[in-house]
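Derivation of every value follows stated rules applied to the coordinates shown; laboratory data play no part. Worth saying up front: this structure is predicted, and the values here are computed from it rather than measured. For neighbour counting, all protein chains shown are included, and Cβ atoms are generated from backbone atoms with ideal geometry for every residue, glycine included.
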Amino acid sequence: MLKVASWNVNSIKARLAGVLDWLGAIRPDVLLLQELKCVEEGFPSLEIEDLGYNIAVNGQKTYNGVAILSKRPIEVEARALPGDADDQQARYLEAVTGDLRVASLYLPNGNPVFEGGDKNRRTEKFAYKLSWMDRLIAHARELLATEDAFILGGDYNVCPTDDDVYDPEGWKDDALCRPESRARFRILLNMGLYDAFRAFHTEPHASTYWSYQGGAWEKDNGLRIDHLLLSPQAADRLDASGIDKAPRARPKASDHVPVWCELEEKT
């Protein structure tokens, strides 16, 4: 089996001990990381390479940053999401490793949604989120046309349905739950991508993120915003998927936990 996971670590330097422990225990074949909060030169490559991983990094000082770790060689295909040459935020990294194309993505949060509470005026942050999703849709359509096996994994900052948020009414106007965000996520699914977690789990309120505020972890007030979306060719090989909540209980934990799936090896 080929195990692929995604994890928003919320600062690779602050979470390094936990990431190394998890890699040593779980040994995924591919790990997609988000929110590194460091430039490429500051990424702890030596420690991770010692565990047998090849590394590709698209970093940015203080904010954003994505990476791909793989036990197999990595051939980087794209260091930015196509469609906006002026976008300098490090939110996308795409590569081929083995017989699989993977992308680690960190979709914009988008909050606040409205200028001064005026529901007729979107903020630049929310407009950027929706534009980024439109670019992702366009690129996913191009990738689907190749008929490659691929996975677009990462922190989408979208709760696809009310089943993916602990308090739907309280979150209805948040950028993560707005109809505009959800509609674009549905487009990705309607195009033919598969939500790996939902392929095996239909239960509501399965979370990948718990805020540090208000005792969210202890109360299980979580959101499912981290996703692995698979092309049909990858989904044909899908054997299992899940969410690993254990790292959230560690000291100095990220507010996100890994999501994972297992694919049958191509013969």
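Projecting the Cα atoms of ALA145, LEU46, PHE126 onto the charge dipole of the chain, computed from C-beta unit charges around the Cα centre, puts PHE126 farthest toward the positive end.
Qualifying chymotrypsin sites (Phe, Trp or Tyr not before Pro) in the range 1-87, where qualification requires a DSSP coil assignment and no more than 15 other C-beta atoms within 10 Å, comprise TYR63. Take every DSSP beta bridge whose two residues both sit in the chain; close to 80 percent of them are antiparallel.
Placing pseudo-labels 7 Å out from each Cα toward the beta carbon at ASN120 and GLU218 gives an inter-label distance of 4.5 nm. Only one residue of SER254, ASN8, PRO112 has its Cα farthest out toward the positive end of the dipole of the chain, where Lys and Arg carry +1 and Asp and Glu -1 on Cβ, and that residue is PRO112. Projecting label points 7 angstrom from Cα along Cα→Cβ for ASP148 and THR62 puts them 3.4 nm apart. Full extension of the segment from ASP134 to ARG27, taken as 0.36 nm per residue of separation minus the current Cα-Cα distance, would add 35.1 nm.
In order along the range 159-170, the phi-based Karplus estimate (6.51 cos²θ - 1.76 cosθ + 1.60, θ = phi - 60°) of 3J(HN,Hα) comes to 8, x, 9, 5, 5, 9, 9, 5, 9, x, 5, x Hz; Gly and Pro are listed as x.
For the chain, the Cβ-based charge dipole about the Cα centre amounts to some 420 debye (Lys, Arg positive; Asp, Glu negative; other atoms uncharged). Using C-alpha pairs under 8 Å with a sequence gap of at least 6, the mean separation divided by the residue count of the range 152-243 gives a relative contact order of 40 percent. Within the range 94-130, name every residue whose backbone N is under 11 Å away from a label modeled 7 Å from Cα of ASP173 along the Cβ vector. Residues 113-120 qualify, since their backbone N sits under 11 Å from the label point. If a spin label sat at a point 7 angstrom from the Cα of ASP84 along the line to its beta carbon, the backbone N atoms of the range 114-148 nearer than 15 Å would be those of 122-139.
Sort out the exposed loop GluC sites (Glu not before Pro) in the chain (DSSP loop, at most 14 other Cβ within 10 Å) and tell me the longest stretch that has none.
In short, 1-146.
Express the relative contact order of the range 2-263 as a whole percentage, based on alpha carbon pairs under 8 Å and six or more residues apart in sequence. Relative contact order comes out at 19 percent.
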